[in-house]
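The structure appears below as C-alpha cells.
The values are calculated or read from the model by the stated rules, or taken from the named source; none is laboratory data. From a predicted model like this one, the values you see are computed outputs, not experimental measurements. Neighbour counts run over all protein chains shown; Cβ positions are idealised from the backbone, glycine included. Just the protein is used for accessible areas: all its heavy atoms, side chains included, with ligands, DNA and RNA removed. Shrake-Rupley method; radii C 1.70, N 1.55, O 1.52, S 1.80 Å.
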Amino acid sequence: MSTRLLILGMLTRAPMHGYEMQRAFEVSRVDAWADVLPGSIYHALKKMADEGLVRVQATEQTGHRLRAVYAITDEGRDAFRALLREALKHPPRSFPTDFYAALAFHDAIPRAELLAAAEALIPQLERELAQWKEGEGAKANVGAMPPELQLFFANARQHIEADLALLRGLRELPASRGRTRAKPDTR
C-alpha cells in the first residue's frame with residue numbers, strides 16, 4: 001500500500017518519471033522508512049496505468065533510453081485519498097522486530113556473541129541517523145518544511161537514537177548472575 005500511496009502522492013504534485021521518484025525518495029529517505037524498492041516503483045506505475053490511476057503524459061529521450069512521464073488521473077486522485085485515509089487509521093509502529101524477539105532469548109548464546117552483534121549494528125545505525133539528518137537538510141534546503149514534516153523527521157531521529165541507546169546500553173549491562181544458558185535442542 002505504501003508504494004502506491006507514495007507514487008500517487010508524488011504525482012498529485014507534478015507529473016514525473018519513475019527515476020525522478022526514485023531519486024526524490026532516496027534524498028528524502030522515503031526509501032528507508034517506507035521500504036520502497038526501485039523496481040517496485042516501475043512495477044507499480046505500470047500496474048496503476050493498467051488500472052487507469054495514472055497515464056503516460058509524455059515520453060522523454062535520455063541517451064538511448066525512453067522515459068515515460070506519468071500523470072495522475074481523476075480516478076488516481078480518488079484512489080490516493082482513499083489510501084491516505086486508510087493509512088491514517090493505523091498507528092506508526094516501531095515493533096515488532098526480529099532483534100527484540102532475539103533479545104527475549106539472549107541467554108541462549110554466549111554474551112560475547114550478543115555484544116558483538118550489538119556492536120556491529122551501532123555503526124549501521126549511526127550511518128542511518130546521518131542519512132536521516134542529510135535528508136532532513138535536503139528537504140529544508142528546498143524550502144520551509146511544514147510542521148508535520150518536521151515532526152516526522154524528529155520522530156524518525158528519536159527512534160534511531162533510541163535504538164542506538166539500546167545497543168549501547170547492552171554493552172553496559174553486567175553479565176547475568178544465577179541464570180543458566182538454555183541447552184540446545186539435540187533431538
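Sort out which residues of segment 70-90 are buried (at least 17 other Cβ atoms within 10 Å of the Cβ) and in contact with a strand residue (DSSP E or B) (Cβ under 8 Å, 6 or more places away or on another chain), and write them in order of number.
Result: 70, 72, 73, 76, 80.
Those residues that are open to solvent by 30 Å² or more (accessible area, probe 1.4 Å) and either under 20 Å from residue 137 (Cβ atoms) or not in a helix (DSSP H, G or I) (or both), I need them from segment 30-49; list them, please. Step through it out loud before you land on a result.
First pass over segment 30-49, keeping only residues open to solvent by 30 Å² or more (accessible area, probe 1.4 Å): 31-33, 35, 37-40, 42-43, 46-47, 49.
31, 32, 33, 35, 37 - these are the residues of segment 30-49 that are open to solvent by 30 Å² or more (accessible area, probe 1.4 Å) and either under 20 Å from residue 137 (Cβ atoms) or not in a helix (DSSP H, G or I) (or both).
Being of a type in the set (Phe, Trp, Tyr) and over 13 Å from residue 164 (Cβ atoms) is the filter; apply it to segment 91-141 and report the residue that is least open to solvent (accessible area, probe 1.4 Å).
In this case the residue turns out to be 100.
Starting from segment 69-85, take each residue that is touching a residue at least 40 places away in the same chain (Cβ under 8 Å) and list its partners that are among the β-branched types (Val, Ile, Thr) and open to solvent by 60 Å² or more (accessible area, probe 1.4 Å), counting only C-beta distances under 9 angstrom and pairs at least six apart or across chains.
Close Cβ pairs (under 9 Å, with a partner that is among the β-branched types (Val, Ile, Thr) and open to solvent by 60 Å² or more (accessible area, probe 1.4 Å)) amount to 69/56; 69/59; 70/56; 71/56.
Please work out which residue is nearest to the chain's Cα centre (by Cα), limiting yourself to segment 144-187 and to residues that are modelled with pLDDT under 75 and basic (Lys, Arg).
181
Cβ-Cβ under 7 Å, sequence separation 6+ or interchain: first residue in segment 107-118 and within 13 Å of residue 172 (Cβ to Cβ), partner open to solvent by 60 Å² or more (accessible area, probe 1.4 Å). Which pairs?
Final answer for the pair search is 115/171; 118/171.
Could you check how many residues of segment 50-61 are farther than 17 Å from residue 14 by Cβ, at pLDDT 95 or above and not in a loop (DSSP other than H, G, I, E, B)?
1
Condition first: touching a residue at least 12 places away in the same chain (Cβ under 8 Å), within 15 Å of residue 69 (Cα to Cα) and in a loop (DSSP other than H, G, I, E, B). Now tell me which residues in segment 1-29 satisfy that.
Within segment 1-29, 15, 17 qualify.
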